[in-house]
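The values are calculated or read from the model by the stated rules, or taken from the named source; none is laboratory data. Since the structure is predicted, the reported quantities are computational estimates derived from the model, not experimental observations. With ideal geometry, Cβ positions are generated from the backbone for all residues, glycine too; neighbour counts draw on all protein chains shown. SASA here: full protein model, heavy atoms, side chains in, ligands and nucleic acids out. Shrake-Rupley method; radii C 1.70, N 1.55, O 1.52, S 1.80 Å.
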Amino acid sequence: MKYPDKFNSPVPSFGPIDAELLIVGLAPGLKGANFTGRPFTGDFAGDLLYSTLSKYKFAKGTYDARPDDGLELHNCRITNAVRCLPPENKPTGAEINNCRPFLISQFEEMPNLKIILALGLVAHKTVLKTCNEKISAHKFVHNTTHQMQNGLTLIDSYHCSKYNTSTKRLTEQMFHDVFETIKVSLK
Ligand code: URA
């Protein structure tokens, strides 16, 4: 085996089940969650995500890109639309559909869930489908809030990927602004 230490299995969600905020990413990254077994851990995207969670007091401890770094999430849980590493790092429609039942159970298992933060368009659409919402009724717009029929609030953000941050589609300030919106919505 080339990488005997590699996790290479469906990546479980991270964070307390009684959290009010659920962050939905895309899929485990090749060198990140697929390797480490914790969402966004070891990925470039995790650097911005976890530093922002610490700034807004959703995380405590030091993020060190390892699942045993001791980082704890508070009132926040992280999952992905797709639980396994997709071929070419791009999930197909079939993979997204196959993983939807897991996402449904995530929502149902969280007794205090209020806000879902979708990182990127795929997560946005997957959350809407999971909640039986009309996709055409909710356009993906960065830092926009959508009220859903089931009482949950969906907030959109561009994904904190290396591509989006290096092209400046998403700046650190834009990502922080989303968390300002979340904090206000949770009050
Ligand atoms: N790592 C994850 O766990 N999810 C993403 O969406 C990207 C990187």
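Within the stretch 28-51, the residues that satisfy the criterion of being in contact with a Cys (Cβ under 8 Å, 6 or more places away or on another chain), modelled with pLDDT of 95 or more and within 9 Å of the ligand (Cβ to nearest atom) are Ala45, Leu49. Does Arg38 satisfy the criteria of being under 19 Å from Leu85 (Cα atoms), among the basic types (Lys, Arg) and surrounded by 17 or more Cβ atoms within 10 Å (Cβ to Cβ)? So Arg38 fits the description; yes. Tell me which residues, restricted to the stretch 53-80, are among the acidic types (Asp, Glu) and open to solvent by 70 Å² or more (accessible area, probe 1.4 Å). Once the filter is applied, which keeps residues that are among the acidic types (Asp, Glu) and open to solvent by 70 Å² or more (accessible area, probe 1.4 Å), the stretch 53-80 yields Asp64, Asp68, Glu72. Please enumerate the residues belonging to the stretch 65-88 that are away from the ligand (no atom under 16 Å from the Cβ) and among the charged types (D, E, K, R). Within the stretch 65-88, Asp68, Glu72 meet the criteria. Select from the stretch 145-177 the residues that are over 12 Å from Leu119 (Cα atoms), surrounded by 11 or more Cβ atoms within 10 Å (Cβ to Cβ) and more than 16 Å from the ligand (Cβ to nearest atom) and list them in ascending order. Hits for the stretch 145-177 are Thr145, His146, Gln147, Met148, Asn150, Leu152, Thr153, Thr171, Glu172, Met174, His176, Asp177. Do we find a residue being within 16 Å of the ligand (Cβ to nearest atom), among the basic types (Lys, Arg) and assigned to a loop (DSSP other than H, G, I, E, B) anywhere in the stretch 52-59? Scanning the stretch 52-59 turns up no residue that is within 16 Å of the ligand (Cβ to nearest atom), among the basic types (Lys, Arg) and assigned to a loop (DSSP other than H, G, I, E, B).
Restricted to the stretch 111-129, and to residues there that are among the β-branched types (Val, Ile, Thr) and within 16 Å of the ligand (Cβ to nearest atom), the residue that is most open to solvent (accessible area, probe 1.4 Å) is Val122. Entry remark, the stretch 5-27: residues being at pLDDT 90 or above, more than 14 Å from the ligand (Cβ to nearest atom) and surrounded by fewer than 23 Cβ atoms within 10 Å (Cβ to Cβ) number 5 in total.
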